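Just so you know, all these numbers are worked out from the coordinates, no wet-lab data involved. This one's a predicted model, so the numbers in the text were calculated from it and none came from an experiment. Positions of Cβ are backbone-derived with ideal geometry, glycine not excepted, and every protein chain shown enters the neighbour counts.
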Amino acid sequence: MDRRQFFRGAAGAAAGMLVTDAGLRKRVAAAAQDGPVIDFHAHCAIPGVAEMMGRTTQMDSPTIIGPDRLRAMDELGIDIEVLSINPNLYQLDEGQAERVGRFQNEGIAEICAGYDGRFVGLATLALQFPELAIQQLEEGVNELGLRGGSIGTSVGSVHLGDPRFYPFWAKVEELDVPIWLHPVLIPDLQPWLEGNGMLGNAIGNEVAMAIAFGRLIFEGVMDRFPRLNIVTAHGGGYLPAYAPRTDYGCGTRPCGPTPERLPSDYIRDRFFYDSAVFTDEALRHLIAVSSTSQIVIGTDYPFSWTFPPRDPRLPRFTPVERILAAPGLSDADRAAMLGGNAARLLKLNV
Ligand SMILES: [Zn+2]
């Protein structure tokens, strides 16, 4: 199924709810005239990496790239995936982190070269060793053709506002590449999130994102490095949902050196967000506190919410359909979120 067929299919799929919605059909048709649909939140694994860490690669895992991934992308209406790997180097010593990192980043680059432009990649970085992370980012971008780097919301017990990371942020600015920020669980929080409800994922990840935002803003990283392009998973987690409290915190009480602008100003125009927020209202709010120029599609493939939910009480949209069907947006807004913003960040000639 090619992309045009998908968009025709999407119109059909949405038809279950919206067959008489001429406006949706028009939006689908208009969006299909624009550039590629780019998914910024796509997980993968490189065969052999697990073995380097004493484990076994699960070759039947959907994180292994092959024909099944391409079929899934076609079904979801995704033209290009931005491949990243959740921080898996942070627990390694420096020698291991260098070896595994190189193998993994070469593996991502190989995939990007082998599938006719369907994938671009981000370098995995061992940020616990900032000098090594700098080297990995430089090699990834300059030698392997990767488009940026990916990091976690914290590095062991160290937050992202820590000055030890300043040289890394300086290199990111110099290379002018985006950094993908994906949640990693905060170890001390873990006992509170056990039990029913998958709270580690549903709450822990979003708290981790909020803390990372808070540290980057309040420790002065965003002021010190004004040209960073940080793209965040899960719609940025909890902080964009409750940004005014950070403004009123320092606006009403002494709170240490304050950032140059209101925290909500950074949330509006200094971060990028994936669209993984699930409902029209959540997307509307994310747009209200940022803008359509700051949002990219994130499917979180292959995790369960990539696909329409089984629970009949929930809206049955794929991530692309969610953007196509969201009310109150112009064709230009949709095109930007479907791929224009990502293409600009990744410097893709499309
Ligand atoms: Zn993810």
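For this structure, a couple of remarks:
- The stretch 219-330: relative contact order in percent, alpha carbon pairs under 8 Å with at least 6 residues between: 26 percent
- Cα shape, the stretch 3-346, gyration tensor, a/c 1.5 rule: oblate
- Remark: the residue 110-residue 313 segment gains 68.9 nm on full extension, using 0.36 nm per residue and subtracting the alpha carbon distance.
- Relative contact order (percent, whole number), the stretch 160-259, Cα cutoff 8 Å, 6+ residue spacing: 36 percent
- Here the Gaussian network model covers the chain, with springs between Cα atoms less than 10 Å apart; of 175, 216, 199, 199 fluctuates the most.
- Taking the chain and dividing mean pair separation by its residue count, relative contact order in percent (alpha carbons under 8 Å, at least six apart): 18 percent
- R0 of 51 Å, Cβ-Cβ distance residue 158-residue 347: FRET efficiency to nearest 0.05: 0.95
- Label-reachable residues, the stretch 167-199, where backbone N falls under 16 Å from a point 7 Å from residue 58's Cα toward its Cβ: none
- Per-pair calculated FRET efficiency, R0 = 30 Å: residue 70 and residue 241 via Cβ, rounded to 0.05: 0.30
- Each DSSP beta bridge with both residues in the stretch 3-346 is either parallel or antiparallel, and the antiparallel ones are about 10%.
- For the stretch 73-134, the alpha carbon convex hull comes to 80 Å³ per residue, rounded to a whole number.
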